[in-house]
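The values are calculated or read from the model by the stated rules, or taken from the named source; none is laboratory data. What you are looking at is a predicted structure, and each value in this text was computed from that prediction instead of being measured. Counting neighbours? That spans all protein chains shown, and the Cβs are built from the backbone with ideal geometry, glycine included. Accessible surface areas use protein heavy atoms only, side chains included; no ligands, DNA or RNA. Shrake-Rupley method; radii C 1.70, N 1.55, O 1.52, S 1.80 Å.
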Amino acid sequence: MASTNGVMLQEEDVSLLRVDNINKTFVTTRALRDVKFEVEEGEIRGLVGENGSGKSTLASIISGIIYPDNGEMLKHGKSYEPGSLLDANRSKISIVVQEMATIDGLTVAANLFLGEEKLFKKFGFLNTSGMNKSSMKVLQRFGIENIKPDADISFLSFEDRKLVEFAKALYVEPDLLIVDETTAALSQHGREILFREIERLKSKNRSVIFISHDLGEVIEHCDHITIMKDGEIVDTVTTGSLKERALKELMVGRELQQSYYREDTEAFYSDDVVLGVSDLTLEGSYYNISFELHRGEVLGIGGLTNCGMHLLGKTLFGLESASSGTIEVVKRKKVITNYVEAIANGIGYLPKNRDQEGLMLLSSIKDNICLPSLSKIQRNTFISPRKERELAESGTRQLNIKMSSINQFCLYLSGGNKQKVTLSKWLVRDSDILILDCPTRGIDVAVKASIYSLMQELKVKGKSIIMISEELQELIGVSDRIIVLKDGRIKRIFSRRKDLTEEEIIHYMI
Amino acid sequence: MRKMRGIKKIIPYLGLIMIIILFSALTQGSLITFRNLKLIFNQAVVLIIACIGVTFVMSQGSLDLSQGSLLGISGAMAATFAALNTTLSLPMALLTGIAVGLINGSLLAFFKIPSFIITLCVLFILRGLTVIATHSGSIPIPFEMLELDSYQIKVPLLVTIIVIACYFFNYTKIGKSMRAIGSGEVSARYSGVPVERMKILAYLVSGVLCGLCGWLNVVRTGAADSKTGLLFELDILTALVLGGMPLTGGSSAKFHSAIIGGLMLAILSNGMVLVGIKAELQQAVKGVIFLLAVYLSFERESVVLIK
Amino acid sequence: MNKGLGKKILTVLILPCAVYAIFYALQPKRFGNLQTLYIMFQQAFLPSISAWGLCFVMTLGLYDLSIGAIIILSAIVGTNLTLFIGTGFGYIWLFFGCLATAVILELINATGYNLLKIPSMIVTIGLMILYETAANFMGNAVLPYELSIFGRAPYNIIVGIISLIIAYFLYNRTQIGMQIKAIGGSEIIARNAGVNVGRVKMYGFLLCGVFLGIASFLSVSYGGLIIPSTRMSSILRLFPPLMGYFIGIALKKVCNIIIGVFIGEVVIIMVVTGMVTMGVPTTYQQMITGLFLLTVVGIAIKAKKDEVVK
Amino acid sequence: MKTKKVLSIVLSLVFAFVLFGAHMLFAEKEEERPYLIGVSIWADSGPLSKKVISNLRYAADVLGAEVEVAVDGFKPDNQVSNIENLIARGCDAVMICNCTDAVVPKFVKLADESKVPLALYFRKINDPEIKAYAESSPYFIGNVHEDEVAVGYSLGKALAAKGCKNAVIINYNKGDTTAENRYVGYKKAFAETGINLLGEQWDILDAEKAANTAERFIAAFPEIDAIAVGGGGGGPLSGTIRAVKNHNKVGQIHITASDFGPDIENSLKNQEVAAMSGGHWTDPFFTFILLYNYVDGHPLSDKVETITMQPIYLTSVSDAQDYTKWCMDEPPYNEEEIKNMTVKHNKGFTLSDLRRIAAAFSLEDVMERHK
């Protein structure tokens, strides 16, 4: 293992960026605790950690999008307090954020120079053709040929939009570029452009902070890797001969490794089929999907992000209607065609995009938990507030949700607690079949562990779970069977066994 | 911050009481004589019922601007059929309301045109229909129908509507689902709320109640006129906002907004005449009170972006 | 490139041409003459100018329901100022009187919105009532005919075209226009990108004020008399520009919104004029206009599958 | 939670106090106060309504009475509310310009219930059934109106005198009694003199809309030579004149109008307007006199009375100058004349005197009395 405690520093050298004792709290969650962090010139620094470990918060603070509660930052030894992203750009620090950062309705060029329009001011007006030309130049410099600068950006694909953002970040000629989990959205071509530019920056003695979940990629391209966990920096290591697994152990924390996933190594479920899916096809997304879900089974579905599995999840819940094929709840002999029926027949769904799809952020925890179960607790259309409260309280107790009261708005909960609320609404409804789309996305390790053990508990109780996940380890660790999708088709179905490895599965995914 | 929210919730009540005290003092108590209170009730009843209907729509974060013209056309239908047979008038008014509600709701739910545009267009269309239905003038109702404008009918009617609507809004799946749509339509859908059905239902309720208002209004004034209900939709909007209803709907939508807002507007109109404030100034007083009330009661923390 | 442009122009012209063709077929003698066309063209400018102003506010995702009251009040202030100061530079006083009043009133709107932190729809309803009252206390605006050269062709067309150009450039070719569109697209991303959201919103209102000033100047020149409306009825003046704006939005994919708004106004005026020449009673006009708008917007606005429409 | 409970209890106590206790505290003894006449009017803006209000306030001043104005926007529900509110305010009598015949029964009912006299201004009741219903009430005093059919008729004749052949009518609210009557008058005159009515547009209340409509007519009907403006308080007339002027059709297209525009002198001088009627804002004044006498305990009649008056017609520049001088700058009836119209100050005053005064109202009449 190639861990050294901190990078060797030459004391007299002033580092490019120095972050000192930064703290940040979001209403109730402490996102960063006393973070100390340094980046040297000409260095590519990897930043890894579980979801919710504070990487993006740190990146946002460095690039001026949010402000720290306290602590200070120094750039080249001088105090650096960016008030906005534009300030950061002026100090030669730029970022490509994880979310979409281009605006519909503006042209590519306008997006590229958003906030910097005055560069093209001529007698008070914008020289749009000049702007288009410059953007053409900028795009071409980074080898992006197929994007027209005067096109409305809403017509571009997600990847192209990300490339535009990337060009925007590079255009300011940054001393420090932060790339926050962008590669997942890029194709091979896009990645090539990205890494070529990163290498080019390095060759000019500039630095990059590279945030990614793809540890292989991080190890391949970075000089040093900083590992974060629960808002704190765990360690900084030089890559050298570092192995992915070692890195992962650092990220997760070894003591958790044993009890993290379920302990049995054999698939175990009843023979009763609860959900039969046959020949399900959604044009342009997935084709001829057939499988059976059994009582007490955890069925994993894995694949690349765009392999169709997320849409498949929505279809199983009746939110999308498939072009052909059927979904049948076997016990009730009921074919699912819409989400109201799905819920009525005991199916629950945990969406991937929790804040938009899973929760009503501006509603109370109670309202969120009770919403799917209203028809269960109503008596002749009457819903007693007492019953509602009891239901919500039983849900929050079961999952140990940290909150001030059940009337608290979900907006102010931490990611893990939000996820618990989303899960809890299906648990209190006593759903037989749970479809979980990326259930551990963006939540910390402790909650993750509790969700895994909860799944185990449910399995023992005879509930069936379909878990859609992009994390292979999770799939291997929890599922009884794993369906691997590629380009919308079932490539292989693995049964749980002791020696199942990620490599084996990846082989069928790509 | 939590304390502030608690206080903000009662500001509409406070405002109502303040206004009552203020005008009682200014009119030396004649505002709160039994006779005048009856009057205020009589004037507020149509507004309150219409507001109750719109509460359901606004709790989903949508708007209903078609109410003014709907009041006109349902009144015209009521008056037209009253000439044939007085018992027909109420059902016809309600049917008109149902039809318009269905149209509004379906356009929103299935064609996904923003409700602001739909209801504005429907406002124009219905105004035109009203003018045609009233033969560009007015239709009188049989004199004996004027007797229906009595407290013996109105008080039980209003109480029944308030109780039923309040029950549905606060204690049933329907009300909770509608507010869930306002809080987050996608999340509500993913939790099993039949969004389309609820949208149509909300407009249906709003339409039926407005149809009822059209009938009440005709009975009260004795005529359906081509101008009946002109700009009534703004009165409703003002009253609801005055009562603390957020434009975004959602969990902070409160049922009492309709009643408090309607009463406040009626008391303001009545009180200012009683005090003898110059007609030219009355509107300005209303405007200032409106802005002040909303400024104090607006729950900023329950809205991400103020638009 | 050129071919695409030609196609775009064709698509843009389909709507007005179709409406024209329908009325021409129905009333070839009355509707067909050139003068009718010319008058429709002229009349479209007045609501268009307000609609262009409205564009700046509505693109930001805000509402301004007070524009009717602002037009009335600015025209009254401008006219009475001119008459008070007396002869000499009458037009200049009139123009700047209207303009300054409108901008100041929109400044009040913007300040009200930024300061009170309540939704713009509510702020502008409240302020609308106050503006109406103020206008009512000032009395009517009676503009002598000698000062109303801008009420007739070709002068009104000149002002209209200048406004069109200004609106086009402000909306498309200035930093403020870009930032307004950016905030309309996504307020949060724009804020992260360093756009000063509060200030840009204020500028949006002020730009709206500029166009309302021009509109009130033309309006009083055109009719010669403006009588204050009270009890919120000034909102009736909001509807014609608003309808044009909606059509502009509907045509957004094929042409720039500023042009689209103008085409929208032309089409609406065409529908009304057509009905006047056919002798359709006024009462049907409102109805047909409403139906027409609903159809156009209904066809043109295609919400994405999971888009939330309120 | 606790504070909230305490607060709500306190609030409900306050509320209860306000509801039941307060008016005893505030209650005052009845005292001598001036007569209060409630007026419900369609608007408080615009030349016609402003003049009506100011003229009534002047008359009330002279007689030591007070006028309470409430605005109804011509909407039935608002009119009913206004009457209720005015009665609740303690008005001794109420007058209103009803938006339509059909609402009158309700007004009468309200007047009966609260025993407050009611009268109409600007209006007569066309519907015989409603008229009978209203006349059966002891508290319906009467109404004052102009002969609007005659107004339309004589203005139509004036157009014919100018040699017009093809006319259009721009009128205000469809369904409004006054507007409809003028329209009937015009049509009658046109039929008699052989003028073609090419088109008509209604609901036009402001200058801009009128100008738009007039332009459309001018463009679509090149043969047009007359535009009749039915009313609308001066705005539509102003807009119509502008449109005609802008198309250089002055002299070719003749305009007649009811309700004077803002610049009557010039319009007549430049021959933009052939003839116009107006000055009928004195009409509510007669209603006021009727009510005042009733309230004062000397009702002029024990029946329902209808008083008819004539508007002022202007056809020449000197007419216009005289009108401005004698009617606008000064009240058409001075203090003494007003006082003489009340039984209180003039014992022998009778209804027929009032009828005579109203019928005699004209420009010449005013000039005669004041010169």
Exercise. Given C:G223, C:G213, which one is open to solvent by less than 10 Å² (accessible area, probe 1.4 Å), touching a residue at least 12 places away in the same chain (Cβ under 8 Å) and more than 14 Å from chain D (Cβ to nearest Cβ)?
Worked result: C:G213
Exercise. Of all residues in segment B:272-307 being facing another protein chain (nearest Cβ under 8 Å) and in a loop (DSSP other than H, G, I, E, B), which is surrounded by the most Cβ atoms within 10 Å (Cβ to Cβ)?
Worked result: B:F298
Seminar exercise, completed: Residue hits (segment A:203-216; surrounded by fewer than 18 Cβ atoms within 10 Å (Cβ to Cβ) and part of a helix (DSSP H, G or I)) are A:S203, A:G216
For this session: Can you work out which of the residues in segment C:32-85 that are of a type in the set (S, T, Y) and over 16 Å from C:G213 (Cα atoms) is least open to solvent (accessible area, probe 1.4 Å)?
Result: C:T36
Problem set entry | Search result, residues across segment A:295-317 that are at pLDDT 90 or above, buried (at least 22 other Cβ atoms within 10 Å of the Cβ) and either part of a loop (DSSP other than H, G, I, E, B) or over 28 Å from the mean Cα position of the chain (by Cα) (or both) | A:E297, A:F317
Exercise. Which of the residues belonging to segment A:377-407 are facing another protein chain (nearest Cβ under 10 Å), more than 31 Å from the chain's Cα centre (by Cα) and open to solvent by 40 Å² or more (accessible area, probe 1.4 Å)?
Worked result: A:Q378, A:N380, A:T381, A:F382, A:P385
For this session: Check whether at least one residue in segment A:34-44 is in contact with a His (Cβ under 8 Å, 6 or more places away or on another chain), assigned by TED's automatic domain parsing to the domain that holds A:V19 and in contact (Cβ under 8 Å) with a residue 40 or more places away in the chain, and report yes or no.
Result: yes
For this session: Could you tell me whether segment C:52-68 includes any residue that is free of Cβ contacts under 8 Å to residues at least 24 places away in the same chain and of a type in the set (G, A, S)?
Result: no
For this session: State yes or no: is C:L170 among the aliphatic types (A, V, I, L, M), under 14 Å from the mean Cα position of the chain (by Cα), open to solvent by 10 Å² or more (accessible area, probe 1.4 Å) and not assigned by TED's automatic domain parsing to the domain that holds C:T289?
Result: no
For this session: For C:V271, state whether it is among the hydrophobic types (A, V, I, L, M, F, W, C), surrounded by fewer than 23 Cβ atoms within 10 Å (Cβ to Cβ), more than 7 Å from chain B (Cβ to nearest Cβ) and over 29 Å from A:Q356 (Cβ atoms).
Result: yes
Problem set entry | A:S129 vs. criteria open to solvent by 10 Å² or more (accessible area, probe 1.4 Å), modelled with pLDDT of 85 or more and not assigned by TED's automatic domain parsing to the domain that holds A:R245 | no
Seminar exercise, completed: Only one of C:I122, C:I188, C:I129 is farther than 19 Å from C:I49 by Cβ and modelled with pLDDT under 90, namely C:I188
For this session: Output the number of residues of segment D:234-260 satisfying the condition of being facing another protein chain (nearest Cβ under 7 Å) and either of a type in the set (G, A, S) or in contact with a Lys or Arg (Cβ under 7 Å, 6 or more places away or on another chain) (or both).
Result: 5
Exercise. Does segment A:487-503 include one or more residues that are open to solvent by less than 10 Å² (accessible area, probe 1.4 Å), modelled with pLDDT under 90, farther than 20 Å from A:E292 by Cβ and of a type in the set (D, E)?
Worked result: no
Exercise. So A:G416 fits all but one of (1) in a helix (DSSP H, G or I); (2) more than 16 Å from the chain's Cα centre (by Cα); (3) in contact (Cβ under 8 Å) with a residue 60 or more places away in the chain; what number is the exception?
Worked result: (2)
Seminar exercise, completed: Checked pairs for segment D:188-208, first more than 8 Å from chain C (Cβ to nearest Cβ) and over 30 Å from C:I235 (Cα atoms), second of a type in the set (V, I, T) and in a strand (DSSP E or B), C-beta under 6 Å and 6 or more apart or across chains, list as D:L198/D:V168
Exercise. Considering only segment D:155-185, how many residues are in a helix (DSSP H, G or I) and within 20 Å of the chain's Cα centre (by Cα)?
Worked result: 10
For this session: Kindly indicate whether any position in segment A:47-64 is within 25 Å of A:N205 (Cα to Cα) and assigned to a loop (DSSP other than H, G, I, E, B).
Result: yes
For this session: Could you list, in sequence order, all residues of segment C:261-284 that are part of a helix (DSSP H, G or I) and in contact with a strand residue (DSSP E or B) (Cβ under 9 Å, 6 or more places away or on another chain)?
Result: C:V276, C:T277, C:T282
Exercise. Got a number for residues in segment A:337-351 being assigned to a loop (DSSP other than H, G, I, E, B), open to solvent by less than 50 Å² (accessible area, probe 1.4 Å) and either more than 8 Å from chain B (Cβ to nearest Cβ) or in contact with a Ser or Thr (Cβ under 6 Å, 6 or more places away or on another chain) (or both)?
Worked result: 2
For this session: Six or more apart or on different chains, Cβ under 8 Å: which pairs go from a residue in segment A:270-282 that's among the polar types (S, T, N, Q) to one that's part of a loop (DSSP other than H, G, I, E, B)? Could you list them?
Result: A:S270/A:R295; A:S270/A:G296; A:S270/A:E297; A:S270/A:G462; A:T281/A:A322; A:T281/A:S323
Exercise. From the set of residues in segment C:226-242 that are of a type outside the set (G, A, S) and in contact with a Gly (Cβ under 7 Å, 6 or more places away or on another chain), which is nearest to D:D206 (Cα to Cα)?
Worked result: C:I227
Exercise. Any residue in segment D:78-90 that is on the phi > 0 side of the Ramachandran plot and at pLDDT 90 or above?
Worked result: no
For this session: Could you look through segment B:222-254, keep only residues that are of a type in the set (V, I, T) and modelled with pLDDT of 90 or more, and pick out the one that is surrounded by the fewest Cβ atoms within 10 Å (Cβ to Cβ)?
Result: B:T238
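Per-residue answers, yes or no, for (1) within 25 Å of B:V122 (Cα to Cα); (2) under 14 Å from the mean Cα position of the chain (by Cα); (3) within 13 Å of chain D (Cβ to nearest Cβ); (4) not in a helix (DSSP H, G or I):
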| residue | (1), (2), (3), (4) |
| --- | --- |
| B:L234 | yes, yes, yes, no |
| B:L240 | yes, yes, no, no |
| B:T248 | yes, no, no, yes |
| B:K254 | no, yes, no, yes |
| B:N270 | no, no, yes, no |
Exercise. Would you pick out the residues in segment A:90-122 that are surrounded by fewer than 20 Cβ atoms within 10 Å (Cβ to Cβ), in a loop (DSSP other than H, G, I, E, B) and more than 9 Å from chain C (Cβ to nearest Cβ)?
Worked result: A:K92, A:Q98
Seminar exercise, completed: Scanning segment D:225-236 residue by residue, those at pLDDT 90 or above and open to solvent by 10 Å² or more (accessible area, probe 1.4 Å) turn out to be D:D225
Exercise. In segment A:426-450, which residues are at pLDDT 90 or above and in a helix (DSSP H, G or I)?
Worked result: A:W426, A:L427
